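One structure is given here, and the rest of the page talks about it.
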Amino acid sequence: MSIRKCDILGQIEQLGVVGIIRTKDVGVGVASGEAMFRGGVTAVEVSTTYPGALEILAEVGRRCRALPNGRDLAIGAGTVADAETARLCILNGAEFIVSHCLSEDVARTCNRYGAAYMPGVGTVTELVRAMELGAEVVKEFPGDVLGPKFIKAVHGPVPWAKIMPIGGVSEENLAEWFHAGAFAVGLGTALMKPNGAEGDFDAVRGASERIVARIAEIRAK
């Protein structure tokens, strides 16, 4: 594993959260990513669900790295299901790739470019296969269906598995996920729309600060 990949995964584990940008509006996406970063969520994922994702990815990287603590930024791309998209994201600055599914082609591409790969898994078989393909961390998806008990159950036969749930995670149930053994959590709506709508960047920053503090509090107990 490359030194940078090791650093990225270590940072995400220490922080405990990845902020997910998922929006059709490039301006909102960029400003939200900067607000998350300023609020302490220094690991940011840009979902490729909508056109403009590559622009958001590159611009969030540029803006945040221009800040005094810009070297702390870990930026990645999400909802990546094919090797072509993975390569484009990496060329636009993505240091980690997250997917809703497991793809051998994406795994090979990430390995080739030294990017961390976090594929989506929903069974122990998928999890083990992902690890065999070089994935150091897997995404539990959909988290709202599988729940925290999935992590706890998987850690019986595979105690070394590093699992990050996405979907079904909120500010209110963070403790449940971390007590079950989550490596970190992915948060989208809770950070992008803390007041129910996009565009309130002070609220995004405030929510980011609260989430980071809450995770630290949970882990300290």
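Here are some notes:
- Unit charges on C-beta of K, R, D, E only; dipole of the stretch 38-87, Debye: 300 debye
- Ranking C101, T125, G196 by how far each Cα lies toward the positive end of the dipole of the chain (charges on Cβ) leaves T125 at the top.
- Helical mean residue ellipticity (222 nm; -39500 (n - 2.57) per DSSP H run of 4+; nearest 500) of the chain: -14500 deg cm²/dmol
- Its Cα gyration tensor gives the stretch 108-221 an equivalent ellipsoid, and the semi-axes of that ellipsoid, as √(5λ) in whole Å with the largest first, are 26, 18, 13.
- Considering only M131, M36, M164, the Gaussian network model of the chain with Cα springs below 10 Å gives its largest mean-square fluctuation to M131.
- Per-residue SASA entry for C101, accessible area with 1.4 Å probe, Å² rounded to 10: 40 Å²
- Straight-distance crosslink candidates among lysines, where the alpha carbon sits under 24 Å from K193 and sequence neighbours closer than 8 are dropped: K24, K139
- Local net charge near L133, Cβ-Cβ under 12 Å (Lys/Arg +1, Asp/Glu -1): -3
- Of the residues L57, G10, G33, the one whose Cα sits farthest toward the positive end of the charge dipole of the chain, with +1 on the Cβ of Lys and Arg and -1 on the Cβ of Asp and Glu, is G10.
- Members of K5/K221; K162/K221; K5/K162 lying beyond 26 Å, as alpha-carbon distances in this model show: K5/K221
- Among the chymotrypsin sites (Phe, Trp or Tyr not before Pro) in the stretch 102-192, those placed in a DSSP loop whose Cβ has at most 15 other Cβ atoms within 10 Å are W160.
- Gain on full stretching of the segment that runs from F201 to T123 - 0.36 nm per residue minus C-alpha separation: 24.4 nm
- For the stretch 8-43, the residues whose backbone nitrogen is under 17 Å from a point 7 Å from the Cα of E217, taken along Cα to Cβ, are 16-17, 40-41.
- In the stretch 109-197, GluC sites (Glu not before Pro) in a DSSP loop with at most 11 other beta-carbon atoms within 10 Å: E172
- Taking every protein chain into account, the 1.4 Å probe leaves T125 with about 110 Å² of accessible area, to the nearest ten.
- Net charge, L67 excluded, C-beta distance under 12 Å - Lys, Arg +1, Asp, Glu -1: +3
The values are calculated or read from the model by the stated rules, or taken from the named source; none is laboratory data. Keep in mind that this is a model prediction, so the values were computed, not measured. Here Cβ is always computed from backbone atoms with ideal geometry, including for glycine, and neighbour counts include all displayed protein chains. Each accessible area value is taken on the protein alone, full model and side chains, heavy atoms only, with ligands, DNA and RNA left out. Shrake-Rupley method; radii C 1.70, N 1.55, O 1.52, S 1.80 Å.
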